[in-house]
Amino acid sequence: MPFHAEEHARIVSVERLRPGDHAFASYTDEESCWATLGSYTHAGISRGERVLLFADPALSEDTVLERLEAYGPPVGFSVRRGQLKLLTMDRMWLPRTLSVERQMAGLRREVEDALGEGYTSVRSAIDMAWVASFGADIEQVLWRESEGCHYLFRDGRYTEICTYDETGFSDDVLDRASAGHPTALLERPGTLLAVPFTEGGDGTYGLRLIGEADLSTRERFDTALRRIAASDAPRAVLDLTELTFLDVYCARAVLRLAGTADDRHVVVRCGGIHVHTFLLLGALDIPQLTVEGE
């Protein structure tokens, strides 16, 4: 994945995006592309949002629908009633000539039209293959990504992910596009990322886990816990607030780690459902463990 964790205020799974987010995503194959687009699209539909999908312009609408439905339930009804719109980016500026300003104005019109129809929020997913297909100036596009589009997100009613095919852009463009977004997505749903962080000046060792902690990511999860165990910091913080799923095995592994940390204090931060899991598994019986709810 062509981004560095420290470049972003937030790295999240696609399920943890918030209204008003502008997120960078990249893919290396069809599966990682459509797993992300499918999850993002179906989340928007289930939440009652208007969803705008700008897929690769080379794909027909039938192909787009087939690939969406390979990663979720049927979406034909959502298309017919207008909740899901399959668009190509040139519709944002035609019949006039291409410009990034017209592209953004077109997106704004789509948002305003949706709000006028009664939707409370709008989300779009844009495959950046449109840049080559329509001959856009990549420097203008990068300006749009980093500076020119902030007003679209100001009221928190518009969310956007920009997906880049890593084989279609140079490393420099990918790095600059990634850095231009305040949020970045994991490469695909169902993965796990561990990001170290520091906190205060008290010798805390912090580790933030993002994604899913289950059977498929268990090896990576155990590796993350070993990193905490190997640290000699007097206080360890395990931030699980960006996990979308935590299975019982992984929760018990956290408790075993805390139970053997006699010479340090362990803090676990997590959402309400995960707090409940830890309490059911006996977190209160470990004096050196604190579980903090979101």
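Details
- Normalised contact order of the stretch 150-294, rounded percent, pairs of Cα under 8 Å and 6 or more residues apart: 17
- Relative counts (whole %) of C-alpha pair distances in the stretch 82-154, using bins that are 5 Å wide: 3, 14, 27, 26, 18, 9, 3, 0
- Mean Cα-pair separation over length for the chain, i.e. relative contact order, pairs under 8 Å, 6 or more apart, %: 21
- Shape box of the stretch 239-293 [Cα atoms, principal axes, largest first, Å]: 30, 17, 14
- Size of electric dipole in the stretch 1-158: Cβ of Lys, Arg +1 and of Asp, Glu -1, about Cα centre, debye, nearest 20: 700
- Debye log10 I(q)/I(0) at q = 0.12 Å⁻¹ for the chain, Cα point scatterers: -0.82
- Value of [θ]222 nm, deg cm²/dmol, for the chain, DSSP H segments ≥ 4, -39500 (n - 2.57) each, nearest 500: -10000 deg cm²/dmol
- Computed from label points 7 Å out along Cα-Cβ, the spacing between Asp155 and Asp222 is 5.2 nm.
- Centre separation in Å (Cα based) which lies between the stretch 204-248 and the stretch 107-145: 36
- Exposure proxy order (Cβ contacts within 10 Å, fewest to most) of Asp62, Asp239: Asp62, Asp239
- Rounded is the label for the stretch 13-128. Its Cα gyration tensor axes, ordered a ≥ b ≥ c, give a/c under 1.5.
- Ranking of Ile138, Ile161, Ile286 by count of other Cβ atoms within 10 Å, fewest first: Ile138, Ile286, Ile161
- Principal axis extents of the Cα atoms in the stretch 212-277, from largest to smallest and rounded to whole angstrom, are 29, 24, 18.
- The residues Cys250, Cys149, when put in order of fewest to most other Cβ atoms within 10 Å, stand as Cys149, Cys250.
No value in this document is a laboratory result; all are computed from the given coordinates. Values in this document were obtained by computation on a predicted structure and should not be read as measured data. Note that we place each Cβ from the backbone using ideal geometry, even for glycine, and neighbour counts take in every protein chain shown.
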